[in-house]
Amino acid sequence: MIAGVLGAADLTGPSPAAVATLIFVPEYSVQPVELLVLGGFGAALVLGLATIAGVVLTWVRASRVAARIVAAARVVSLLMTSLIFLVQGQELLPAWVFVIAAVVVILDIVSIILVLSRYGRAASPRARSRSAPDGREDQT
């Protein structure tokens, strides 16, 4: 659920990942700055779509692969968002940007842990073996 909300946030507005890309592209370093900025926003859009699609597939089909896709998309988003904390001169950005980025990073970490803890391990022994030792179905 948390990952789905974060994916929707990546789709609907300037996500912290896209803002970090915007901040770290100085105008003098590359001529087509617009392409890099659009690339950051495009990456956030793709990560949001991958997250939402993975959440839906994980929820509907209980797919372990989809859960891993959700986790991978959130890890990349987390890495892109954490670039905000590397800004030289903290006075360049208002404090609320850092607060939002910190909340998003924490929520990304929580969602990754929850998604992988649920679908990252094998089935429990109780769910794996519903048969009696002699091979017959358990009648409980």
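For this structure, a couple of remarks:
- Residue match in region 117-134 (condition: surrounded by fewer than 18 Cβ atoms within 10 Å (Cβ to Cβ), under 24 Å from G13 (Cα atoms) and modelled with pLDDT of 85 or more): no
- The selection criterion, being modelled with pLDDT of 90 or more and either surrounded by 10 or more Cβ atoms within 10 Å (Cβ to Cβ) or not in a helix (DSSP H, G or I) (or both), holds for A67.
- Positions within region 37-54 being open to solvent by 30 Å² or more (accessible area, probe 1.4 Å) and either within 17 Å of S111 (Cβ to Cβ) or touching a strand residue (DSSP E or B) at 6+ places or on another chain (Cβ under 7 Å) (or both), in sequence order: L49, A50, I52, A53
- Residue tally, condition over 10 Å from G7 (Cβ atoms) and either open to solvent by less than 80 Å² (accessible area, probe 1.4 Å) or in contact with a strand residue (DSSP E or B) (Cβ under 9 Å, 6 or more places away or on another chain) (or both), over region 70-87: 11
- Odd one out for L22, checked against (1) out of contact with any Leu (no Cβ under 8 Å at 6 or more places or on another chain); (2) modelled with pLDDT of 90 or more; (3) open to solvent by 50 Å² or more (accessible area, probe 1.4 Å): (2)
- Test: residue in region 90-97 that is touching a Leu at 6+ places or on another chain (Cβ under 8 Å) and either of a type in the set (F, W, Y) or modelled with pLDDT under 80 (or both): no
The values are calculated or read from the model by the stated rules, or taken from the named source; none is laboratory data. Predicted model, so just to flag it, every value in this text is computed and none were measured. Cβ coordinates were reconstructed from backbone atoms using ideal geometry, including for glycine residues, and neighbour counts include every protein chain displayed. The accessibility values were calculated without ligands, DNA or RNA, using every heavy atom of the protein model including side chains. Shrake-Rupley method; radii C 1.70, N 1.55, O 1.52, S 1.80 Å.
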